[in-house]
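Below is one structure, written out as structure tokens; the observations come after it.
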Amino acid sequence: MDKQTNSEVVASLRKRLKRKKYISILLALFTLGVNIFAWFAFSSNASLTLEGTVASWDVDFKDKDTGELYHNTTIELTKMKPGMPNFSKTIVVENNSEVSVNFSVEIVSFSILGHSIDLTGIDDPVAYIRDFYPFSVNVSTSSTTVAPNSSLDFVATVTWPYETTPIPYFAQNEVYDYDSGFLYYKKSGDTYTEFSVADAAAYTTEKANLYLEKDDADSYFGMQCHSYEDSSGEPCLVVYVRLIATQI
């Protein structure tokens, strides 16, 4: 009985050794500004004694520019618009513990113009955003593991090119509404052909097969974001990014 009890205790301790630490970053993009909020959602620091070894759990997320820890930090970027300078923010993930850490990044969800977009089942959220919208959100890391007493960089970027872009047309989805001032296109292979859309009803019928040129997509979101924020007081675009540090 004592042997069984001791075995169960050791197993339980080993399970507790694998702990996760999360930071969720909220990217709130405004037509005239960008706010980034960061908050923590993980258990407090813990230590564990196992077979005479103390394994501490201590991972910090820091602003690379200021060295400040991410605790409800706000970063502002003014005049968010097509052709704006690229926005970039680097977070240093410091592993101060005595065990190596696996690190991963997940874009959880986002909302735009009040439409909440569920990314469940989307293999590449970065590509999904890039395919539908004239701006891009990208996340990258310098490594996927952090050795004890070492660190890595996590970089979040927001770009909104005005003219040069690898994607000249954007597929329509539930976020878009009909605008009689724009030309719409249909795609066949790699060719986009202008398609006459008489009114909102015709647009709704064909919407799943229609595309908008880059310049018109810029104009659409520039105007719509400004109008939405004025009327609602809410940000035009909100992107939720989760950073996950897991003890190996």
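Among the candidates Glu194, Glu174, the residue that is closer than 18 Å to Phe135 by Cα and out of contact with any Gly (no Cβ under 7 Å at 6 or more places or on another chain) is uniquely Glu174.
Given the criterion closer than 22 Å to Leu113 by Cα, hydroxyl-bearing (Ser, Thr, Tyr) and surrounded by 15 or more Cβ atoms within 10 Å (Cβ to Cβ), identify the matching residue among Tyr240, Tyr192, Tyr185. Walk me through it before giving the result.
Numbers: Tyr192 fails: closer than 22 Å to Leu113 by Cα; Tyr185 fails: closer than 22 Å to Leu113 by Cα.
Testing whether each residue is closer than 22 Å to Leu113 by Cα, hydroxyl-bearing (Ser, Thr, Tyr) and surrounded by 15 or more Cβ atoms within 10 Å (Cβ to Cβ) leaves just Tyr240.
So, in segment 84-129, of the ones that are outside any strand (DSSP E or B) and among the small types (Gly, Ala, Ser), which residue ends up surrounded by the fewest Cβ atoms within 10 Å (Cβ to Cβ)? Among them, the one singled out is Gly121. Could you list, in sequence order, all residues of segment 225-234 that are in contact (Cβ under 8 Å) with a residue 24 or more places away in the chain and over 19 Å from Arg130 (Cα atoms)? Within segment 225-234, His226, Tyr228, Glu229, Ser232, Glu234 qualify.
Quick check on this structure: which one of Leu212, Leu152 is buried (at least 18 other Cβ atoms within 10 Å of the Cβ), closer than 26 Å to His115 by Cα and either among the polar types (S, T, N, Q) or modelled with pLDDT of 90 or more (or both)?
Details: Leu152 fails: closer than 26 Å to His115 by Cα.
Exactly one of Leu212, Leu152 is buried (at least 18 other Cβ atoms within 10 Å of the Cβ), closer than 26 Å to His115 by Cα and either among the polar types (S, T, N, Q) or modelled with pLDDT of 90 or more (or both), namely Leu212.
Candidates Tyr169, Tyr128, Tyr162: the one that is without any contact (Cβ under 8 Å) to a residue 12 or more places away in the chain and either among the aliphatic types (A, V, I, L, M) or closer than 28 Å to Thr191 by Cβ (or both) is Tyr128.
Scanning segment 130-144 for residues that are surrounded by 14 or more Cβ atoms within 10 Å (Cβ to Cβ) and part of a strand (DSSP E or B) gives Ser136, Val137, Asn138, Val139, Thr141. Within the group Val197, Val139, Val158, Val175, which residue is among the aliphatic types (A, V, I, L, M) and farther than 22 Å from Met223 by Cα? Matching residue, one of Val197, Val139, Val158, Val175: Val139.
The values are calculated or read from the model by the stated rules, or taken from the named source; none is laboratory data. This structure is a prediction, so every number in the text was calculated from the model and none was measured. Virtual Cβ from ideal backbone geometry, glycine too; neighbours counted across all protein chains shown.
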